[in-house]
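K.L.:
Quick one: the structure is below, and I'll ask about it shortly.
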Amino acid sequence: MITVKNISRRNFIKSIGLVSGGLILSCNFNSGSEDEKEPFVFNPKLYVQLNPDGSLILVATRSEMGQGIRTALTSVIADEMEADWSRVTVQQATGDVKFGDQNTDGSRSIRYLYESMRKVGATFKAMLITAAAKTWEVPESECTADNHFVVHTSGKKIGYGDLAEMAATLEVPKEVTLKSPENFKYIGKTLPSIDVENYANGSAVFGLDKRIADMKFVAIQRCPVTFGTVKSFDKSAALKVNGVLDVIEIPRMEKPFGALGGVAVIATNTWAAFKGKEALKVEWKFGENKDYDSEKYMEQIMANVHKKGTVQKSTGDVESAFEKAHTIVESSFEAPLLVHAPMEVPNAVAWVQGDSCEVWAPTQDPQTARTEVADYLGIAEDKVTINITFLGGGFGRKSKPDYIVEAVAVSKAIKAPVQVIWSREDDIQHSYYHTVSAQYMKASLDENGKVTGWLHRFAFPSIESTFEPGTDEPQGWETHTASNIPYDLPNMQVETGKAPAHVRIGWLRSVINIPHGFSVNVFADELAHAAGMDPLEFRLKMIGEDRLEDTDGDYKYDTARLKYVLKKAAENAEWGKTLPEGHAYGIAVQYSFLSYVASVVEVSVIQGKVKVHNVFTVIDCGTAVNKDTIKSQLEGSAVFGMSLTYYGKITAKDGAIEQSNFDSYQMLRMPEAPKIHVEIVESNERPTGVGEPGVPVIAPAIINAIFKATGKRYYSLPLSDHNLV
């Protein structure tokens, strides 16, 4: 149920950061009760204000980290209400339950808010037309809206701002008519970022930019072994550093997003804090993870996937299919720990004053941050204010507010405002890591090359281990990217194996789609080779007839859409054409975050070194709200995916992470970047995810292209382990 209400005269306007005046509409989009006897509670999540001067303000409830969400959401409202784009501004919401779900991850923002934003915009337009008709004493049918004006058939017109006060006195219409897609003015077009001027002139405030009076700067030395604690420390050398004010211990907090603990250096500037941290002498109690060795760990979990596991899904009779097979193919896959490494490291400003606290931070999940801060301080959540800055990248890391809790802990201890800043070394060595994985796959083919049996067994430390310590096996929801694959498989079994966690496990851009997209797409290519078929034709055959499947609630999984992006990516790349010597194409396809993505990658392997020349990506994400930002997201996904494929690997020895900066955890460099060609499928379906679905197809497409070029197939990442880059 989507309900719009007029709150122009309500008392809590100031609580959402708006000023009384004009027309303010709020929107609730929770599911309503089907039982009319149960009262419907209006709990608004969106707020939009039209002021008497004609300015239109959207209160943005999602965090902006370069994905263009503030622009996209605003364009939807502006389109439906026929607003002048130049009159629209955005005001960032604070973290508060009254704004609904504010967690900006999972490629959900547009998907969750699109219909609601459209209805708010259409409601604005309807009320403004009514106000104009009343002003002119004419029928509403004689009035239309156009570019921030209501226009009468006689040619006279009146601006939205001049109608705002009257419109604020009107009842909100229960039903409004939404525009037909062919009449969209902004939706589906290319719009510049609504924040482009702020980015260009430097006025956009990121977390690291924030300054408040009398603020101290803090660097924290944490135990190199996850969950280790301080045994003792010598602060004498640190206190001799010019600018260092104090050194205190921060205890470890036994919560999923609590501070890891350590020794905090408080200083008058960042440089002094960092130098003081270097001068510290700390003796640690390393704890139960002190013997963690990532190489030995991979051997253990790989052994676990080569024996019977916990059955998560079973259809048909896999063992019978294997017994009757014409051909059996078996493969094992390895993928390492990964880290987000956003350009802007974790940081937060906090000021605890008595029984209240205010925070400024680049956070993807301000409400969780608010809850964690309130819990730590033992105060009510309404005493905590979380101000969301722009984010210099997030990729899932900044939805975990441990760095915010650290700042709050130090501010409380020293009774002053502080800014905690992580170094790049802190970021890489103390993160919530994307899980390591071992996978075993087995399939049977009949004499016609049809897949008759499919077994997929995997083990990886679960994200759930962060919330429920002791969890030692992938959870059911983490198996969906393996069990809900698009292929028409009569006999299929998915199993999981044991894999206890020794570091904090979290979500990273595309989450479990990364290892599963890698293994399933490479294995499909291997099966095509075993069947003597073209990899594209083999995949289309595996997908089978056009059909709709129930895998994601009210979103039907559509195999026709999946096949279309596969064929379109191949067409754009001119699949099958003769390439230069040493060059080859690889292909991969993935359904994730309710979107359909296929990529064809052109690589060359010359003198044993891989180079990616072209990436052809096609996405079907339903209605494309802003094509420019979608294209940018897919280009970024290709580069992100290539970084993981080429270099992404976190290792541990004696419990400590061995990588520390971009010299040891490399990113793709500009000379390595390929030409990236993106096509967005024209569609009027509901919008689906964009920020993540382009990542998981890149690694398998590259691996498949390498096989085509060299005849050698690689089953582990990254390529740097094989001296290919």
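The values are calculated or read from the model by the stated rules, or taken from the named source; none is laboratory data. All values reported here derive from a predicted model rather than from experimental measurement. So basically every Cβ, Gly included, is an ideal-geometry build from the backbone, and we count neighbours across all protein chains shown.
K.L.:
Failed condition for Glu574, given (1) touching a Ser or Thr at 6+ places or on another chain (Cβ under 9 Å); (2) under 28 Å from Lys611 (Cα atoms), with all others met?
P.N.:
Result: Glu574 fails condition (1) only.
K.L.:
Could we say that Met117 is under 29 Å from Gly694 (Cα atoms) and surrounded by 23 or more Cβ atoms within 10 Å (Cβ to Cβ) here?
P.N.:
Values: under 29 Å from Gly694 (Cα atoms): yes; surrounded by 23 or more Cβ atoms within 10 Å (Cβ to Cβ): yes.
Yes.
K.L.:
Additional query: Identify the residue in segment 132-155 that is of a type in the set (S, T, N, Q) and closer than 26 Å to Lys5 by Cβ and, among all such residues, is surrounded by the fewest Cβ atoms within 10 Å (Cβ to Cβ). So that I can check it myself, show each step before the final result.
P.N.:
Within segment 132-155, the first condition is being of a type in the set (S, T, N, Q), and the residues that meet it are 135, 141, 144, 147, 153-154.
Checking the rest, the ones that are also closer than 26 Å to Lys5 by Cβ come to 135, 141, 144.
Details: Thr135: 15, Ser141: 9, Thr144: 16.
Ranking the candidates gives Ser141 first.
K.L.:
Taking into account only those residues within segment 394-431 that are among the aromatic types (Phe, Trp, Tyr) and not in a helix (DSSP H, G or I), which is farthest from Ala348 (Cα to Cα)?
P.N.:
Keep residues of segment 394-431 that are among the aromatic types (Phe, Trp, Tyr), which gives 395, 403, 422.
Those still in the list that are not in a helix (DSSP H, G or I) too: 395, 422.
Details: Phe395: 17, Trp422: 9 Å.
If we take residues in segment 394-431 being among the aromatic types (Phe, Trp, Tyr) and not in a helix (DSSP H, G or I), then Phe395 is farthest from Ala348 (Cα to Cα).
K.L.:
Could you please give the count of residues in segment 276-288 that are buried (at least 17 other Cβ atoms within 10 Å of the Cβ) and either touching a strand residue (DSSP E or B) at 6+ places or on another chain (Cβ under 8 Å) or in a strand (DSSP E or B) (or both)?
P.N.:
Residues of segment 276-288 that are buried (at least 17 other Cβ atoms within 10 Å of the Cβ), as a first pass: 276-277, 279-280, 282, 284, 286.
Adding the requirement that they be either touching a strand residue (DSSP E or B) at 6+ places or on another chain (Cβ under 8 Å) or in a strand (DSSP E or B) (or both) leaves 276-277, 280, 282, 284, 286.
Within segment 276-288, residues that are buried (at least 17 other Cβ atoms within 10 Å of the Cβ) and either touching a strand residue (DSSP E or B) at 6+ places or on another chain (Cβ under 8 Å) or in a strand (DSSP E or B) (or both) number 6.
K.L.:
So if I check each of Ala122, Ala72, which one is small (Gly, Ala, Ser), under 24 Å from the mean Cα position of the chain (by Cα) and not in a loop (DSSP other than H, G, I, E, B)? Before the answer, list the steps.
P.N.:
Details: Ala122 fails: under 24 Å from the mean Cα position of the chain (by Cα).
Checking each option against the conditions leaves just Ala72.
K.L.:
Looking at (1) modelled with pLDDT of 90 or more; (2) β-branched (Val, Ile, Thr); (3) crowded, with 21+ Cβ neighbours inside 10 Å; (4) not in a loop (DSSP other than H, G, I, E, B), which one does Thr89 not meet, given that it meets all the others?
P.N.:
The single condition Thr89 does not satisfy is (3).
K.L.:
Ala443 - would you say it is in contact with a strand residue (DSSP E or B) (Cβ under 6 Å, 6 or more places away or on another chain), under 28 Å from Val359 (Cβ atoms) and touching a residue at least 60 places away in the same chain (Cβ under 8 Å)?
P.N.:
On the way: in contact with a strand residue (DSSP E or B) (Cβ under 6 Å, 6 or more places away or on another chain): yes; under 28 Å from Val359 (Cβ atoms): no; touching a residue at least 60 places away in the same chain (Cβ under 8 Å): yes.
Criteria not met by Ala443.
K.L.:
Out of segment 530-562, which residues are over 19 Å from Gln439 (Cβ atoms), of a type outside the set (Lys, Arg) and part of a helix (DSSP H, G or I)?
P.N.:
Ala531, Pro535, Leu536, Glu537, Phe538, Leu540, Ile543, Thr559, Ala560, Leu562
K.L.:
With (1) at pLDDT 95 or above; (2) surrounded by fewer than 18 Cβ atoms within 10 Å (Cβ to Cβ) as the list, and Gln221 as the residue in question, which single condition is left unmet?
P.N.:
Going through (1) at pLDDT 95 or above; (2) surrounded by fewer than 18 Cβ atoms within 10 Å (Cβ to Cβ) one by one, Gln221 breaks only (2).
K.L.:
Could you list, in sequence order, all residues of segment 683-725 that are in contact (Cβ under 8 Å) with a residue 24 or more places away in the chain and of a type in the set (D, E, K, R)?
P.N.:
If we filter segment 683-725 for residues that are in contact (Cβ under 8 Å) with a residue 24 or more places away in the chain, which is where we start, we get 683-710, 713, 715-721, 723-725.
Listed by number, the residues that qualify are Glu685, Arg686, Glu692, Lys708, Arg713, Asp721.
K.L.:
Given the residues Ile158, Ile129, which is the only one that is in a strand (DSSP E or B), more than 27 Å from the chain's Cα centre (by Cα), modelled with pLDDT of 95 or more and surrounded by 12 or more Cβ atoms within 10 Å (Cβ to Cβ)? So that I can check it myself, show each step before the final result.
P.N.:
Details: Ile129 fails: in a strand (DSSP E or B).
Being in a strand (DSSP E or B), more than 27 Å from the chain's Cα centre (by Cα), modelled with pLDDT of 95 or more and surrounded by 12 or more Cβ atoms within 10 Å (Cβ to Cβ) holds for just one of Ile158, Ile129, which is Ile158.
K.L.:
Which residue, of Ile212, Ile194, is part of a loop (DSSP other than H, G, I, E, B), in the same structural domain as Gln91 (by TED's automatic domain parsing) and more than 25 Å from Ser660 (Cα to Cα)? Before the answer, list the steps.
P.N.:
On the way: Ile212 fails: in the same structural domain as Gln91 (by TED's automatic domain parsing).
None of the others qualify; the one that does is Ile194.
K.L.:
In segment 553-563, is there at least one residue being of a type in the set (Asp, Glu), loosely packed, with under 14 Cβ neighbours inside 10 Å and modelled with pLDDT under 95?
P.N.:
Of the residues in segment 553-563, the ones of a type in the set (Asp, Glu) are 554, 558.
The next check asks that each one be loosely packed, with under 14 Cβ neighbours inside 10 Å; those that pass are 554.
Now drop any that are not modelled with pLDDT under 95, which leaves 554.
The answer is yes, given that some residue of segment 553-563 is of a type in the set (Asp, Glu), loosely packed, with under 14 Cβ neighbours inside 10 Å and modelled with pLDDT under 95.
K.L.:
Only one of these conditions is not met by Lys568: (1) at pLDDT below 95; (2) of a type outside the set (A, V, I, L, M, F, W, C); (3) assigned to a helix (DSSP H, G or I). Which number is it?
P.N.:
So Lys568 meets the others, but not (1).
K.L.:
Answer yes if at least one residue in segment 687-708 is surrounded by fewer than 16 Cβ atoms within 10 Å (Cβ to Cβ) and on the phi < 0 side of the Ramachandran plot, and no otherwise. Lay out the reasoning, then the answer.
P.N.:
Within segment 687-708, the subset surrounded by fewer than 16 Cβ atoms within 10 Å (Cβ to Cβ) is none.
Within segment 687-708, none of the residues are surrounded by fewer than 16 Cβ atoms within 10 Å (Cβ to Cβ) and on the phi < 0 side of the Ramachandran plot.
K.L.:
Here is a further query. Taking Pro417 as meeting all but one of (1) surrounded by fewer than 24 Cβ atoms within 10 Å (Cβ to Cβ); (2) touching a Ser or Thr at 6+ places or on another chain (Cβ under 8 Å); (3) not assigned by TED's automatic domain parsing to the domain that holds Gly261, write down the number of the exception.
P.N.:
(3)
K.L.:
Same structure again: Could you please tell me which pairs satisfy a Cβ distance under 6 Å, a separation of 6+ or placement on different chains, a first residue in segment 56-68 that is assigned to a strand (DSSP E or B), and a second residue that is surrounded by 24 or more Cβ atoms within 10 Å (Cβ to Cβ) and not hydrophobic (A, V, I, L, M, F, W, C)?
P.N.:
Ile57/Gln49; Leu58/Thr74; Val59/Tyr47
K.L.:
For segment 242-265, name all the residues that are part of a loop (DSSP other than H, G, I, E, B) and either farther than 16 Å from Pro401 by Cβ or out of contact with any strand residue (DSSP E or B) (no Cβ under 7 Å at 6 or more places or on another chain) (or both). Full working, then the answer.
P.N.:
Residues of segment 242-265 that are part of a loop (DSSP other than H, G, I, E, B), as a first pass: 242-243, 251-261.
Of everything in segment 242-265, those that are part of a loop (DSSP other than H, G, I, E, B) and either farther than 16 Å from Pro401 by Cβ or out of contact with any strand residue (DSSP E or B) (no Cβ under 7 Å at 6 or more places or on another chain) (or both) turn out to be Asn242, Gly243, Pro251, Met253, Glu254, Lys255, Pro256, Phe257, Gly258, Leu260.
K.L.:
In addition: Given the criteria in contact (Cβ under 8 Å) with a residue 60 or more places away in the chain, touching an Asp or Glu at 6+ places or on another chain (Cβ under 6 Å), in a strand (DSSP E or B) and crowded, with 21+ Cβ neighbours inside 10 Å, does Tyr585 qualify?
P.N.:
Numbers: in contact (Cβ under 8 Å) with a residue 60 or more places away in the chain: yes; touching an Asp or Glu at 6+ places or on another chain (Cβ under 6 Å): yes; in a strand (DSSP E or B): yes; crowded, with 21+ Cβ neighbours inside 10 Å: yes.
Here the answer is yes, as Tyr585 does meet what is asked.
K.L.:
On the given criteria, is Ala83 surrounded by 24 or more Cβ atoms within 10 Å (Cβ to Cβ), small (Gly, Ala, Ser), at pLDDT 85 or above and within 26 Å of the chain's Cα centre (by Cα)? I'd like the intermediate steps shown before the answer.
P.N.:
On the way: surrounded by 24 or more Cβ atoms within 10 Å (Cβ to Cβ): yes; small (Gly, Ala, Ser): yes; at pLDDT 85 or above: yes; within 26 Å of the chain's Cα centre (by Cα): no.
So Ala83 fails the test.
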